[in-house]
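Read the structure below first, then the notes.
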Amino acid sequence: MLSGKRVLLIIGGGIAAFKSLDLIRRLREQGATVVPVLTKAAEEFVTPLSTSALAAEKVYRDLFDLTDEAEMGHIELSRAADLVVVAPATADLLGKMANGLANDLASTLLMATDKRVLVAPAMNVRMWEHPANQRNVATLRGDGVLFIGPDEGEMACGEFGPGRMSEVPEIVGAVIAALADGPLRGKHVVVTSGPTHEPIDPVRYIANRSSGAQGTAIARALSALGAEVTFVTGPADIAPPAGVRVVRVQTARQMLEAVQGALPADAAVFAAAVADWHVANESGRKMKKTREGLPVLEFAENPDILATVSQMGQGRPGLVVGFAAETDDVIAHATAKRDRKGCDWIVANDVSPATGIMGGSENAVTVISGDGAEDWPRMSKDQVAARLAAKIAEALT
Ligand code: C5P
């Protein structure tokens, strides 16, 4: 996937630097040449010798190394690459990048490059959430810097939350996506997928049978066309695709919040099977069998994410796509749904049991837009995803 590609890998000084050694191997497995650069702090975590041995390349460390300047200057080093990857990207490195500081080799290369930059942040959760860091992240996103992660989880420092560097396969996927020469390069697309879980008490919940297959395929297809994808997923059966920013949620309310947090976006595709209601009288403790009779659940309506985003004034994505699973009068119901929700397209499918579509690997859809209804033949969910991604690319470019 990456043969002939040259990746300049800047390794920052964080505990996650040990994962970057594996990243070098995995990128090389894909056929890439990896030219490593170590910051001073990175050398506290990994050695130049192991880095260079795994890359089978010279490792660059010092801005004022005259040999390097004679062989290859820092300007050339930054430009000879097809992609610059910073992993781990520490708070310090992000701060330098956002503010245009260039006081060592890594930061100088980052300022001198004319190539895309992909960063994999790794830091303590409080540092990640600090307003100064969040300002830097917003600035860098605005500058077109690509982000993969950080993930949520337990950190080396013992705290829990966002700040862990993404796992190596995800970073490799992001590198592949960043180098994909597709029509959606530079476009940000939000995709929702999977079911939602609406809690009844701490151990029980209401769910649905969505596998997340179609949403996952769409995210993968968009990413393959070069889009930067934020994938907001409920608890689905299948793993999210590599190379996309994954935000995991449980409930519809969390899904709305995650989608709003991911905006601005050029397009949004709402493929999730969102529960219509949540339990209003959710119990903080596990409900017990009692002699007094059966528990009574009270329901409250969930926010409609598709309608909310479709109807937002300023900041609405340029293209909003919803889904409609119907069992009868598919086109009439889906057309009415498009009008009611205010989205641009509805991808409608007939999920009556005879079709075998629900839970199956195939889909037969009708795409309803302002131009009318377009029937697509029955095909695999991956093919539906590829065709939809191509149609989105056509609309956005
Ligand atoms: O109203 P209905 O559930 O049939 O609409 C389906 C479409 O609306 C899908 O695109 C689904 O992802 C979206 N939806 C949503 N939030 C809800 C309910 C549905 O985004 N609460």
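Please specify each residue of region 152-189 satisfying the condition of being at positive phi and crowded, with 17+ Cβ neighbours inside 10 Å.
163
Only one residue in 169, 202, 183 is part of a loop (DSSP other than H, G, I, E, B) and under 30 Å from residue 4 (Cβ atoms), so which one is that?
Exactly one of 169, 202, 183 is part of a loop (DSSP other than H, G, I, E, B) and under 30 Å from residue 4 (Cβ atoms), namely 183.
Just to check your reading of the model, which residue among 274, 249 is within 13 Å of the ligand (Cβ to nearest atom), closer than 28 Å to residue 360 by Cβ, of a type in the set (Val, Ile, Thr) and within 14 Å of the chain's Cα centre (by Cα)?
Working: 274 fails: within 14 Å of the chain's Cα centre (by Cα).
Every option except 249 fails the conditions.
For the structure I just gave you, tell me whether residue 139 is farther than 17 Å from residue 17 by Cα and modelled with pLDDT of 85 or more. Before you say what the answer is, go through the steps one by one.
Working: farther than 17 Å from residue 17 by Cα: yes; modelled with pLDDT of 85 or more: yes.
Judged against the criteria, residue 139 is a match.
Could you tell me whether region 26-38 includes any residue that is within 19 Å of residue 94 (Cα to Cα), of a type in the set (Lys, Arg) and surrounded by fewer than 24 Cβ atoms within 10 Å (Cβ to Cβ)?
The answer is no, given that none of the residues of region 26-38 is within 19 Å of residue 94 (Cα to Cα), of a type in the set (Lys, Arg) and surrounded by fewer than 24 Cβ atoms within 10 Å (Cβ to Cβ).
Kindly indicate the residue of region 22-71 that is among the small types (Gly, Ala, Ser) and part of a helix (DSSP H, G or I) and also modelled with the lowest pLDDT among those meeting that condition.
Looking at residues that are among the small types (Gly, Ala, Ser) and part of a helix (DSSP H, G or I), I get 70.
I'm told residue 96 meets every condition in (1) farther than 19 Å from residue 246 by Cα; (2) at pLDDT below 95 except one. Can you identify the failing condition by its number?
It is condition (2) that residue 96 fails.
For the structure I just gave you, tell me whether residue 323 is at pLDDT 95 or above, within 22 Å of residue 219 (Cβ to Cβ) and in the same structural domain as residue 199 (by TED's automatic domain parsing).
Values: at pLDDT 95 or above: yes; within 22 Å of residue 219 (Cβ to Cβ): yes; in the same structural domain as residue 199 (by TED's automatic domain parsing): yes.
Taking the combined requirement at face value, the residue satisfies it.
Output the number of residues of region 247-279 satisfying the condition of being in a strand (DSSP E or B), among the hydrophobic types (A, V, I, L, M, F, W, C) and in contact (Cβ under 8 Å) with a residue 60 or more places away in the chain.
7
Being of a type in the set (Lys, Arg) and either surrounded by 14 or more Cβ atoms within 10 Å (Cβ to Cβ) or under 30 Å from residue 144 (Cα atoms) (or both) is true for just one of 209, 220, 291. Which residue is that?
Testing whether each residue is of a type in the set (Lys, Arg) and either surrounded by 14 or more Cβ atoms within 10 Å (Cβ to Cβ) or under 30 Å from residue 144 (Cα atoms) (or both) leaves just 220.
From 80, 53, 106, grab the single residue that is without any contact (Cβ under 8 Å) to a residue 40 or more places away in the chain and over 20 Å from residue 142 (Cβ atoms).
53
Within region 280-316, which residues are assigned to a loop (DSSP other than H, G, I, E, B), within 16 Å of the ligand (Cβ to nearest atom) and more than 27 Å from residue 350 (Cα to Cα)?
Scanning region 280-316 gives 280, 312, 316.
Right, residue 230: touching a residue at least 24 places away in the same chain (Cβ under 8 Å), of a type in the set (Ser, Thr, Tyr), closer than 19 Å to residue 360 by Cα and not in a loop (DSSP other than H, G, I, E, B) or not?
When the stated conditions are applied, residue 230 does not pass them.
Taking the options 270, 299, name whichever one is more than 20 Å from residue 149 (Cβ to Cβ) and either buried (at least 23 other Cβ atoms within 10 Å of the Cβ) or of a type in the set (Asp, Glu) (or both). Lay out the reasoning, then the answer.
On the way: 299 fails: either buried (at least 23 other Cβ atoms within 10 Å of the Cβ) or of a type in the set (Asp, Glu) (or both).
The match here is 270.
Hey, among 126, 204, which residue is farther than 30 Å from residue 383 by Cβ and either in the same structural domain as residue 287 (by TED's automatic domain parsing) or touching a Ser or Thr at 6+ places or on another chain (Cβ under 6 Å) (or both)? Before the answer, list the steps.
Values: 126 fails: either in the same structural domain as residue 287 (by TED's automatic domain parsing) or touching a Ser or Thr at 6+ places or on another chain (Cβ under 6 Å) (or both).
Going through 126, 204 in turn, the sole match is 204.
When region 319-340 is examined, which residues are found to be more than 9 Å from the ligand (Cβ to nearest atom) and farther than 22 Å from residue 362 by Cα?
The answer is 319, 320, 332, 335, 336, 338, 339.
Could you please let me know if residue 257 is in the same structural domain as residue 194 (by TED's automatic domain parsing), within 16 Å of the ligand (Cβ to nearest atom) and acidic (Asp, Glu)?
Yes, satisfied.
So, residue 352, is that one assigned by TED's automatic domain parsing to the domain that holds residue 312, surrounded by fewer than 19 Cβ atoms within 10 Å (Cβ to Cβ) and touching a residue at least 40 places away in the same chain (Cβ under 8 Å) or not?
no
The values are calculated or read from the model by the stated rules, or taken from the named source; none is laboratory data. Source: prediction; values computed, not measured. So basically every Cβ, Gly included, is an ideal-geometry build from the backbone, and we count neighbours across all protein chains shown.
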